[in-house]
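One structure is given below, encoded as structure tokens.
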Amino acid sequence: MMSLAVVASPIPSAPIALAAGAAFGQVAGAIYVAIGAETGALVAFAIARVLGKKTVDRLVGARAASGLLGSQNALTFTVFVSRLMPFISFDVMSYAAGLSQIHPWRFILATLAGILPASFVLAYLGAEAMSGGFGSARWVAIGLGLMTGVPVLIVALRHKSGALPLSPQLKDSE
């Protein structure tokens, strides 16, 4: 189910990860979630690489596309960090990486390293919800929500107050 959720973008993957933790326990659930997410990411990457890479190269030129998103290290880091941030679409990032110049082995490692923490957290929350001892899991969920929400809120407030100027693209659209 997790692989399908990654390849077919409208299907949300977090409830599947929670269900895996509830059904199989924290460790086994996290392993199943990680395997499913990695497999789905690889399928999405391969689809984009096979069907879209030549089109991108044809539109912008193979040489231009090679520098499109930076070095292999920058691409690898981008994939890794995007896997840690819940507000960045896992599915879209997998397809986008397939269109980039990132080496497949780098994509595989960055994706696996980035999805393991979320896999364990979601499986833990699912397992705790089933055991009825949701006390500590509640604090983990609140902490993760704050870690994600507070930086976004700060940026939004700084932008609203004028401390952060609009990017040139946003200025043109006003």
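The values are calculated or read from the model by the stated rules, or taken from the named source; none is laboratory data. Treat the numbers as computed from the prediction; the structure is a model and nothing was measured. When we count neighbours, we look across all protein chains shown, and the Cβ atoms used for this are built from the backbone with ideal geometry, even at glycine. Heavy atoms of the whole protein, side chains included, go into the accessibility calculation; ligands, DNA and RNA do not. Shrake-Rupley method; radii C 1.70, N 1.55, O 1.52, S 1.80 Å.
Residues with beta-carbon under 14 Å from that of I47, excluding I47: net charge, scoring Lys, Arg +1 and Asp, Glu -1? The partial results should precede the final answer.
Numbers: positive: R49, K53, K54; negative: D91.
Taking every other residue near I47 into account, the sum is +2.
For S89, tell me the accessible area in Å² from a 1.4 Å probe, rounded to the nearest 10.
50 Å²
At 1.4 Å probe size, what's the solvent-accessible area of I11? Round to the nearest 10 Å².
Result for I11: roughly 60 Å² accessible.
Suppose accessible area is computed on protein heavy atoms with a 1.4 Å probe; arrange V60, V6, V50, V121 from highest to lowest.
Details: V60 70, V6 0, V50 110, V121 40 Å².
Solvent-accessible surface, decreasing: V50, V60, V121, V6.
When all protein chains stay in place, what accessible area (Å², nearest 10, 1.4 Å probe) is found for M93?
M93 exposes around 40 Å² with every protein chain in place.
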